[in-house]
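Quick note: the coordinates plus some simple rules give every number you see, no bench work behind them. Source: prediction; values computed, not measured. Don't worry about glycine lacking a Cβ; one is built from the backbone with ideal geometry, like all the others, and counts go over all protein chains shown.
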Amino acid sequence: MRKTILLLLTFWIAPTVFASPAEDLAQFQGLFHNAFPNIPNAEFANGAYALDQEGRENWKAIEEFPPYDPNVDNGKKIFEKPFANGKSLADCFPNRGIGIRQTFPRFDAASGQVQTMEVVINQCRTENNEKPYEELSKGNIADVVAYLAFTSRGKPMAVTIPDDPRALAAYEKGKHFFYTKRGQLNFACADCHVNNAGKKIRSETLSPALGHGVGFPTYRSAWGFLGTLHHRYRGCNEQVRAKPFAYQSEEYRDLEYFEAYMNTGIPVSGPSARK
Amino acid sequence: MNTGINLSAWMTGIIVGLALTATLAAEPPPQEQAKQLMSDPLKGNCLACHKVAGGVFPGNIGPALQNIRQLFPDRAALYAQIYDPTVINPLTVMPPFGRHGILTEKEINLIVDYLITL
């Protein structure tokens, strides 16, 4: 009984359940613009540093000698290197991969699923008789995404939800994930990154959900490496003692789809550095 | 032969005695235990969200924990707020420490005893 009530309430806090994605988008961005009227929209590309002046100074200093530069170089090399059959990763992306980060993740009508850049990279390798990357938290696959993001910096996010019931269903699943409380500590993503964005949890400033993902992959000092967005999702699930999902699981791809659509208009800033 | 048995009984006695001494020595006063529970990230971690007298690097998601006796003249209400704050506010971000087994009843009582002195 209690469970049903809680579930209902969880649905209820989601911005109007039966709203269209476009209505959700207006409501979602409106919340942040009302809460932070002095922060220009493009600033949300910088995560917590859009709101945390103190952290911002350190971050600026780090970005002067970007710790992810070697990753971008490596990603470019891998991206351009032909496979044994002469084709390359560039053949699997629109515009040969350059300046298209803002359109990902995308809905793929053939598979009926959401495709992230990581999925397209591994699918491309498999189709061309190369082994897919098994390490999905960091390493070569993260470096390739870093390079593709780098060529797209400044381009406003423009993920679309095509008129296909499966695309809408994937979006709704991602949205539901975002607003559902989970784990022993009982937190939804929205609890930290919407309702408490800009506040401090212990000594960490909580980033606003608006902008989430546009800076990825990200070199986090706490990790000591350049990590993928799903690595961050897993970390956030684990810290509330919830079961993390697999890298590139349907759950996380749908979540990324929802978050990316909510970012419509926010410029790509990845790869980025974080504390 | 008898000596053997006596010896092992004697040894057990020593070991139990040592263990008891160790627990007694390791058990700090209730107030200290409460403070420890409130700052331990694996336990209450109240400081993640609340400013508490003497706590370092507090978060600011919840209100500062002060004047608790005035706010909660009823001890049971304070216990309930920690055991399961979602009963009072289903949308709260404060974790249901008792209902989800994050803290034991004994641990919540230690914290309650300490908070009403603030």
So the pair-distance distribution of the range A:82-186, from every Cα-Cα distance in 5 Å bins, comes to percents of 2, 11, 18, 19, 19, 16, 9, 4, 2, 1, 0
As straight-line cross-link partners of residue A:87, the qualifying lysines (C-alpha separation under 20 Å, not fewer than 8 residues apart within one chain) are A:76, A:77, A:131
Restricting to lysines and to Cα separations under 17 Å from residue A:199, and discarding same-chain partners fewer than 8 apart, the set is A:275, B:51
Mean-square fluctuation maximum in Gaussian network of chain A, Cα pairs under 10 Å, restricted to A:62, A:121, A:141, hits A:62
Binned at 10 Å starting from 0, the alpha-carbon pair-distance distribution of the range B:29-115 in whole percents comes out as 18, 56, 26, 0
Largest fluctuation, A:242, A:197, A:142 only, Gaussian network model of chain A with Cα springs under 10 angstrom, belongs to A:242
Most exposed to least, judged by fewest other Cβ atoms within 10 Å, A:233, A:133 sort to A:133, A:233
At 25 °C in a medium of viscosity 0.890 mPa s, chain A has a Stokes-Einstein diffusion coefficient, with Rh taken as the Kirkwood radius over alpha carbon pairs, in µm² per second, of 128
Here the relative contact order (percent) of chain A, from C-alpha pairs under 8 Å and at least 6 apart, is 27
Too long for a 18 Å Cα-Cα cut-off, among A:81/A:155; B:35/B:106; A:60/A:200, are A:81/A:155; A:60/A:200
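Give me the net charge for the shell around residue A:227: Cβ to Cβ below 9 angstrom, other residues only, Lys and Arg +1, Asp and Glu -1.
Overall, the nearby charge balance is +3.
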With 0.36 nm assigned to each residue of separation and the Cα-Cα distance removed, residue A:135 to residue A:19 gains 38.0 nm
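Taking the beta-carbon count within 10 Å as an exposure proxy, list A:236, A:124 from fewest neighbours to most.
A:236, A:124
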Counting only DSSP beta bridges fully inside chain A, the antiparallel percentage to nearest 5 is 75
From fewest to most C-beta neighbours within 10 Å, the residues A:187, A:93 line up as A:93, A:187
